[in-house]
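What follows is a short report on a single structure.
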Amino acid sequence: MKHPRVSVVVPIYNVEPYLKKCVESLLSQTLEDIEILLVDDGSPDRCGEIADEYAAREPRVKAFHQKNAGLGPARNTGIEHATGEYVGFVDSDDWVDSQMFERLYSAAAKCDADIVVGGHRDVVEGHVRVAKPHPLAGVTLYGSDEIMPVRNRLFGHAEGDNTVEAFPMRVWTAIYRNDFLRTNRLRFEEILSEDTIFNLPAYKTAKTITFTGDTNYCYRMDNQSSIMRTFSPTKLKRYEAFLDRLWQLAQEESWQHDECLQRVKRTAIDYCRLYAGMIAGSEVSRREKIIYLRQLGLSRLITEYCAGYPVNVLPSQQRLFHEALVAGHYGIALALLEVRRVLKKKVWK
């Protein structure tokens, strides 16, 4: 029996208003030789029924149902059932251009790549806010000597690197050779930023990785709930768990070990700022914001993972915020965050 060229795994949870647009974009692919694996992760809405409806009438669609276990385990279910030569991932509230998987597969075939990575577009209420080609677009990496220096960037920024965004770590702009996933037993963990934790061993074991200049993935940035944008006091523990895991992986590195650890420290600083930004943008009272910032200041993110990092290499605004947080000047830290939010809103108007 002929295997499809690409299996697309779509984990589904509570996205009923967006699911049909996502699936229709996959059914419209110019690469027709694909299978679409819809994994209903115990969704409380009609997502499971919609998945079954598509599977009943579309031969390329398969539906799977499981108890709610999280994004990583849902993707793993898809991997276990994938029969394609390559495996891709699409989040169920996003969608893709019709040529996305044909272009990724063509790039894979050209270079016999284990991994092919593209870029994406941020979309707000149907309008493209910004297109984000991969910073290595047009580059192909062969062997560990070329891949490992790039892989290190997944641990975080290097000292003195003041680019706004970290190195792209998303799996949903990429495809992975299925045999490569199986041979190396690559699976997702149920952890925050699971894409980073997945890609670190994937890049380490890959023989060839190629990067395209396409931005065919449409990342929805509307006001629906997002684990990375919505404040919750419990998220601090999840950030600590992620840094624990990232630090463990860096400790195990024999290639530029110290640099990897230093990059993790910078990631801890960035996550502190991310979490603090959520606090500042939340609807809780100013007094509660100060309390949550104090909890952050006393957390392991600050006391362990940020300790010893040369903050003088940070951009001035970031350095001032971090120093205020470490010194316990939570009111000043909050004021700096509020100024940043005002300036950011003006930029996007």
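Reported count of residues in segment 144-188, each being among the hydroxyl-bearing types (Ser, Thr, Tyr), under 20 Å from the mean Cα position of the chain (by Cα) and either surrounded by fewer than 15 Cβ atoms within 10 Å (Cβ to Cβ) or in a helix (DSSP H, G or I) (or both), is 1.
Summed over segment 200-209, the residues that are open to solvent by less than 10 Å² (accessible area, probe 1.4 Å) and of a type outside the set (A, V, I, L, M, F, W, C) give a count of 1.
Among the numbered conditions (1) over 17 Å from residue 107 (Cβ atoms); (2) touching a helix residue (DSSP H, G or I) at 6+ places or on another chain (Cβ under 9 Å), the only one that residue 179 does not meet is (2).
Determine, yes or no, whether residue 289 is in a helix (DSSP H, G or I), out of contact with any Leu (no Cβ under 8 Å at 6 or more places or on another chain) and modelled with pLDDT of 95 or more.
On the way: in a helix (DSSP H, G or I): yes; out of contact with any Leu (no Cβ under 8 Å at 6 or more places or on another chain): no; modelled with pLDDT of 95 or more: yes.
So residue 289 fails the test.
As a summary of the residue check, residue 107 satisfies the conditions (1) under 12 Å from residue 175 (Cα atoms); (2) assigned to a loop (DSSP other than H, G, I, E, B) except for the one numbered (2). Scanning segment 284-298 for any residue that is within 19 Å of the chain's Cα centre (by Cα) and of a type outside the set (Val, Ile, Thr) turns up nothing. Restricting 43, 92, 98 to those that are open to solvent by less than 70 Å² (accessible area, probe 1.4 Å), at negative phi, free of Cβ contacts under 8 Å to residues at least 60 places away in the same chain and part of a loop (DSSP other than H, G, I, E, B) reduces the list to 43. Total residues in segment 49-68 satisfying the condition of being among the hydrophobic types (A, V, I, L, M, F, W, C) and touching an Asp or Glu at 6+ places or on another chain (Cβ under 6 Å): the figure is 2. No other residue among 60, 75 is basic (Lys, Arg) and buried (at least 20 other Cβ atoms within 10 Å of the Cβ) apart from 75.
The values are calculated or read from the model by the stated rules, or taken from the named source; none is laboratory data. Predicted model only: the values in this text are computed from it and were never measured. So basically every Cβ, Gly included, is an ideal-geometry build from the backbone, and we count neighbours across all protein chains shown. Ligands, DNA and RNA are excluded from the accessible area calculation, which covers all protein heavy atoms including side chains. Shrake-Rupley method; radii C 1.70, N 1.55, O 1.52, S 1.80 Å.
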